[in-house]
Each structure stands twice: as C-alpha cells, then as structure tokens.
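Reviewing the structure listed below.
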Amino acid sequence: MKGRPAGPPPTPPPGPDQPAHRAELERLRDSIDNIDAAVVHMLAERFKATQQVGRLKALHQLPPADPAREARQIERLRSLAENAKLDPAFAEKFLNFIIAEVIRHHERIAEDTHNGHPAHDAGTGD
C-alpha cells in the first residue's frame with residue numbers, strides 16, 4: 001500500500017481537546033463570563049442614574065439630548081480607551097449606542113411627564 005509508512009499513527013498536534021488546553025480554555029471563559037456579568041451590573045447602575053437625569057430633564061423641560069455633553073463624553077471615552085489599549089473607534093460606537101438608547105428613554109420620560117403619567121423606570125442610561 002502506498003502513502004503513509006507503517007508504524008504508529010502520528011501524534012495529533014496540541015489542540016483544544018488536550019486536557020491542559022481544555023482547562024486553560026475553561027479558565028479564560030470563566031473570566032470572560034465574570035467580566036460580562038460585571039459589565040451588565042455596571043450598565044444597570046449607570047442606567048439607574050440616567051433615569052434620574054431623564055426625570056430631572058423632564059421636570060424642568062430640558063431637551064432629552066445634550067450634544068455638547070455627548071461630544072465631551074465621546075472624547076473622554078476615546079481617551080480612556082486609548083490608555084486601556086482598546087480600539088477608540090469601538091469605544092465610541094459603544095457609547096453612541098448607549099447614548100441613542102438613553103435619548104430614546106429620556107424622550108419617553110418627557111412624554112409621560114407631559115401627559116401627566118409618572119415616569120417609569122425604563123432601565124437605560126445617559
């Protein structure tokens with residue numbers, strides 16, 4: 001028979017099926033899961049604070065959006081991202097997503113306040 005010489009099969013290269021690699025992969029994934037949980041809890045805290053901002057804006061008839069503050073926050077977050085070795089463009093996209101959600105909720109709070117309904121806790125942030 002042509003092809004492979006007789007003898008034991010070749011040893012597979014190290015891969016994720018090796019016990020040491022599986023343990024390391026599991027350890028890294030556990031760390032990622034913990035970080036994800038922390039991010040969710042931090043966002044929840046942030047959104048609680050921005051709900052208060054939304055109610056305050058509605059009571060004083062301030063606009064839901066504050067473009068000057070948003071621009072400052074984007075620049076601040078880009079700088080933080082650079083210092084943390086995180087892609088500043090990614091950080092900006094992430095903050096823009098949050099800002100858009102916050103504005104949407106502030107608009108709803110303002111509408112509810114204007115219509116005489118108590119502001120509900122929408123769970124998003126400024």
Item to check | Spin-label pair GLN52/ARG69, simplified geometry with 7 Å Cα→Cβ offset, distance in nm | outcome: 1.3 nm
Item to check | Efficiency of FRET from Cβ geometry, SER79 and ALA37, R₀ 25 Å, rounded to 0.05 | outcome: 0.40
Checklist entry - Quick one: length gained pulling LEU86 to ALA23 fully straight, 0.36 nm per residue minus the C-alpha distance? => result 20.0 nm
Checklist entry - Taking 0.36 nm per residue of separation and subtracting the Cα-Cα distance, what length does fully extending ASP30 through PHE97 add? => result 21.5 nm
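Every number here is computed from the coordinates shown, using simple stated rules; none is lab data. These numbers come from a predicted model, not from an experiment. Glycine also receives a Cβ, built like all others from the backbone with ideal geometry; neighbour counts cover every protein chain displayed.
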